[in-house]
Amino acid sequence: IYIIRDPRNILTSIKNHYSHTTQEQSLDMLFNEFNWIGFKNHDIPQLLSSWNNHYNSWKRFPLNYFLIKYEDLLENPKKEIFRIIEYLSKFFKLNVSNKEIDLIIENTSFDNFSIQEEKGGFEENAKNDLGERKKFFYLGPKNSWKDYVKSKNAAKIAQVFEKEMRELGYL
(Lines give C-alpha, C1' and ligand atoms only; values in the text may rest on other atoms or scores of the structure.)
Protein backbone atom coordinates (compact mmCIF):
# COMPACT_ATOMS: atom_id res chain seq x y z
CA ILE A 1 0.00 0.00 0.00
CA TYR A 2 1.60 3.21 -1.18
CA ILE A 3 0.35 6.62 -0.08
CA ILE A 4 1.33 9.39 -2.47
CA ARG A 5 1.11 13.10 -1.79
CA ASP A 6 1.26 16.17 -4.02
CA PRO A 7 4.96 17.11 -4.01
CA ARG A 8 4.11 20.79 -3.67
CA ASN A 9 2.59 20.01 -0.26
CA ILE A 10 5.59 17.92 0.73
CA LEU A 11 7.86 20.95 0.45
CA THR A 12 6.66 22.56 3.70
CA SER A 13 6.93 19.24 5.53
CA ILE A 14 10.52 18.77 4.37
CA LYS A 15 11.38 22.33 5.34
CA ASN A 16 9.99 21.82 8.85
CA HIS A 17 11.28 18.29 9.44
CA TYR A 18 14.84 18.93 8.28
CA SER A 19 15.07 22.49 9.71
CA HIS A 20 15.82 24.03 6.35
CA THR A 21 16.01 27.80 6.37
CA THR A 22 14.73 28.20 2.81
CA GLN A 23 12.26 26.48 0.54
CA GLU A 24 15.04 26.17 -2.00
CA GLN A 25 16.97 23.84 0.33
CA SER A 26 13.86 21.68 0.56
CA LEU A 27 13.45 21.79 -3.22
CA ASP A 28 16.96 20.45 -3.62
CA MET A 29 16.09 17.57 -1.31
CA LEU A 30 12.85 16.85 -3.17
CA PHE A 31 14.68 16.74 -6.52
CA ASN A 32 17.87 14.95 -5.41
CA GLU A 33 18.04 11.31 -6.47
CA PHE A 34 20.99 10.56 -4.18
CA ASN A 35 20.25 12.31 -0.90
CA TRP A 36 21.44 10.45 2.21
CA ILE A 37 20.29 11.04 5.77
CA GLY A 38 21.05 9.37 9.09
CA PHE A 39 24.76 9.96 9.52
CA LYS A 40 24.36 12.10 12.64
CA ASN A 41 24.37 10.53 16.09
CA HIS A 42 25.08 7.05 14.72
CA ASP A 43 21.64 6.80 13.11
CA ILE A 44 21.05 4.29 10.34
CA PRO A 45 21.92 5.86 6.96
CA GLN A 46 19.03 6.00 4.52
CA LEU A 47 18.91 6.90 0.86
CA LEU A 48 16.10 9.33 0.12
CA SER A 49 15.59 9.65 -3.57
CA SER A 50 13.61 12.24 -5.46
CA TRP A 51 9.81 12.33 -5.20
CA ASN A 52 9.34 10.98 -8.74
CA ASN A 53 11.96 8.25 -8.32
CA HIS A 54 10.22 7.09 -5.16
CA TYR A 55 6.80 7.05 -6.83
CA ASN A 56 8.06 5.33 -9.99
CA SER A 57 9.91 2.68 -7.99
CA TRP A 58 6.66 1.58 -6.34
CA LYS A 59 4.94 1.23 -9.70
CA ARG A 60 7.45 -1.48 -10.62
CA PHE A 61 5.54 -3.93 -8.40
CA PRO A 62 2.21 -4.14 -10.25
CA LEU A 63 1.02 -7.39 -8.64
CA ASN A 64 1.05 -6.07 -5.09
CA TYR A 65 0.76 -2.35 -5.71
CA PHE A 66 -2.11 -0.38 -4.22
CA LEU A 67 -2.02 3.41 -4.52
CA ILE A 68 -3.82 5.85 -2.25
CA LYS A 69 -3.61 9.59 -2.62
CA TYR A 70 -3.10 11.39 0.69
CA GLU A 71 -5.52 14.07 -0.45
CA ASP A 72 -8.25 11.44 -0.99
CA LEU A 73 -7.67 10.16 2.55
CA LEU A 74 -8.27 13.66 3.86
CA GLU A 75 -11.32 14.27 1.70
CA ASN A 76 -13.11 10.97 2.25
CA PRO A 77 -11.35 8.72 4.78
CA LYS A 78 -14.21 6.24 5.03
CA LYS A 79 -14.20 5.59 1.29
CA GLU A 80 -10.42 5.10 1.28
CA ILE A 81 -10.56 2.73 4.25
CA PHE A 82 -13.16 0.66 2.41
CA ARG A 83 -10.80 0.55 -0.57
CA ILE A 84 -7.95 -0.62 1.69
CA ILE A 85 -10.17 -3.30 3.23
CA GLU A 86 -11.22 -4.48 -0.21
CA TYR A 87 -7.59 -4.69 -1.31
CA LEU A 88 -6.47 -6.53 1.84
CA SER A 89 -9.40 -8.94 1.55
CA LYS A 90 -7.62 -10.49 -1.43
CA PHE A 91 -4.99 -11.78 1.00
CA PHE A 92 -6.95 -12.64 4.14
CA LYS A 93 -10.45 -12.48 5.56
CA LEU A 94 -11.48 -9.13 6.99
CA ASN A 95 -14.72 -8.30 8.70
CA VAL A 96 -14.81 -4.66 9.76
CA SER A 97 -17.96 -2.90 10.93
CA ASN A 98 -18.91 0.71 10.22
CA LYS A 99 -18.38 1.45 13.92
CA GLU A 100 -14.83 0.06 13.71
CA ILE A 101 -14.14 2.14 10.62
CA ASP A 102 -15.33 5.26 12.44
CA LEU A 103 -12.96 4.34 15.28
CA ILE A 104 -10.09 3.90 12.81
CA ILE A 105 -10.80 7.37 11.42
CA GLU A 106 -10.93 8.90 14.90
CA ASN A 107 -7.78 7.15 16.14
CA THR A 108 -5.74 8.01 13.05
CA SER A 109 -6.83 11.63 12.73
CA PHE A 110 -4.25 14.38 12.53
CA ASP A 111 -5.66 15.92 15.71
CA ASN A 112 -5.36 12.64 17.61
CA PHE A 113 -1.79 12.08 16.42
CA SER A 114 -0.92 15.66 17.42
CA ILE A 115 -2.25 15.02 20.92
CA GLN A 116 -0.26 11.78 21.16
CA GLU A 117 2.85 13.62 20.02
CA GLU A 118 2.37 16.30 22.69
CA LYS A 119 2.13 13.55 25.32
CA GLY A 120 5.46 12.18 24.14
CA GLY A 121 4.01 9.16 22.40
CA PHE A 122 5.72 9.69 19.07
CA GLU A 123 9.38 8.97 18.39
CA GLU A 124 9.72 10.19 14.80
CA ASN A 125 10.20 13.81 15.76
CA ALA A 126 13.10 15.61 14.20
CA LYS A 127 15.30 17.71 16.44
CA ASN A 128 16.42 21.26 15.90
CA ASP A 129 20.05 22.40 16.22
CA LEU A 130 19.64 22.64 20.01
CA GLY A 131 18.50 19.02 20.23
CA GLU A 132 14.90 19.98 21.04
CA ARG A 133 12.11 17.94 19.48
CA LYS A 134 10.22 19.61 16.66
CA LYS A 135 6.59 18.96 15.84
CA PHE A 136 6.25 16.12 13.38
CA PHE A 137 2.51 16.67 12.99
CA TYR A 138 3.08 20.18 11.74
CA LEU A 139 0.35 21.40 9.38
CA GLY A 140 -1.53 18.27 8.32
CA PRO A 141 -4.78 19.01 6.51
CA LYS A 142 -4.06 22.75 6.68
CA ASN A 143 -0.99 22.26 4.51
CA SER A 144 -2.04 23.76 1.20
CA TRP A 145 0.86 24.52 -1.10
CA LYS A 146 -1.09 27.50 -2.46
CA ASP A 147 -0.81 29.14 0.97
CA TYR A 148 2.80 28.25 1.80
CA VAL A 149 4.88 27.56 -1.32
CA LYS A 150 6.38 30.37 -3.36
CA SER A 151 4.82 30.39 -6.83
CA LYS A 152 8.21 30.03 -8.53
CA ASN A 153 8.92 26.92 -6.44
CA ALA A 154 5.50 25.41 -7.14
CA ALA A 155 6.10 26.02 -10.86
CA LYS A 156 9.54 24.38 -10.66
CA ILE A 157 8.07 21.29 -8.95
CA ALA A 158 5.36 21.07 -11.61
CA GLN A 159 7.98 21.38 -14.34
CA VAL A 160 10.37 18.75 -12.94
CA PHE A 161 7.65 16.26 -11.97
CA GLU A 162 5.16 17.07 -14.74
CA LYS A 163 4.82 13.52 -16.11
CA GLU A 164 4.06 11.93 -12.74
CA MET A 165 1.90 14.79 -11.49
CA ARG A 166 -0.25 14.60 -14.63
CA GLU A 167 -0.49 10.83 -14.27
CA LEU A 168 -1.74 11.29 -10.69
CA GLY A 169 -4.12 14.15 -11.52
CA TYR A 170 -2.18 16.81 -9.60
CA LEU A 171 -1.86 18.92 -12.76
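The values are calculated or read from the model by the stated rules, or taken from the named source; none is laboratory data. These figures come from a predicted structure and were not determined experimentally. In this analysis, Cβ positions are derived from the backbone assuming ideal geometry, glycine residues included, and neighbour counts consider all displayed protein chains. When the accessible area is computed, the model is the full protein with side chains, heavy atoms only, and any ligands, DNA or RNA have been set aside. Shrake-Rupley method; radii C 1.70, N 1.55, O 1.52, S 1.80 Å.
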Which of these, 36, 145, 51, has the largest mean-square fluctuation under a Gaussian network model of the chain (Cα springs below 10 Å)? 36
Amide H neighbours of residue 67 at under 5 Å, excluding residues fewer than 5 places away on the same chain, with H built from the backbone geometry, are 2
Given a Förster distance of 41 angstrom, what is the FRET efficiency for residue 93 paired with residue 59, based on the Cβ-Cβ distance and rounded to 0.05? 0.90
The percentage of the accessible area of segment 1-73 (probe 1.4 Å, all protein chains present) made up of carbon and sulfur atoms, to the nearest whole number, is 57 percent
Starting from the residue with the highest accessible area, list 28, 102 in decreasing order, probe 1.4 Å. 28, 102
Quick calc: nm separation of the 7 Å Cα→Cβ label points for residue 33 and residue 49 -> 0.9 nm
Simple label model, 7 Å out from Cα along Cβ direction - residue 112 to residue 1, nm: 1.3 nm
For the pair residue 150 and residue 70, how long in nm is the line joining their label points, each one 7 Å along Cα→Cβ? 2.1 nm
At 1.4 Å probe size, what's the solvent-accessible area of residue 79? Round to the nearest 10 Å². 120 Å²
With every protein chain kept in the model, how would you rank 24, 117 by accessible area, 1.4 Å probe, largest at the top? 24, 117
With a ≥ b ≥ c taken as the square roots of the eigenvalues of the C-alpha gyration tensor of segment 63-107, please select rounded if a/c is under 1.5 and otherwise prolate if a/b is larger than b/c or oblate if it is not? oblate
Mind checking the per residue accessible area of the chain for me, 1.4 Å probe, whole number of Å²? 68 Å²
Please give the residues of segment 60-92, grouped as numeric ranges, whose backbone N is less than 16 Å from a label point set 7 Å along the Cα-to-Cβ vector of residue 101. 72-90
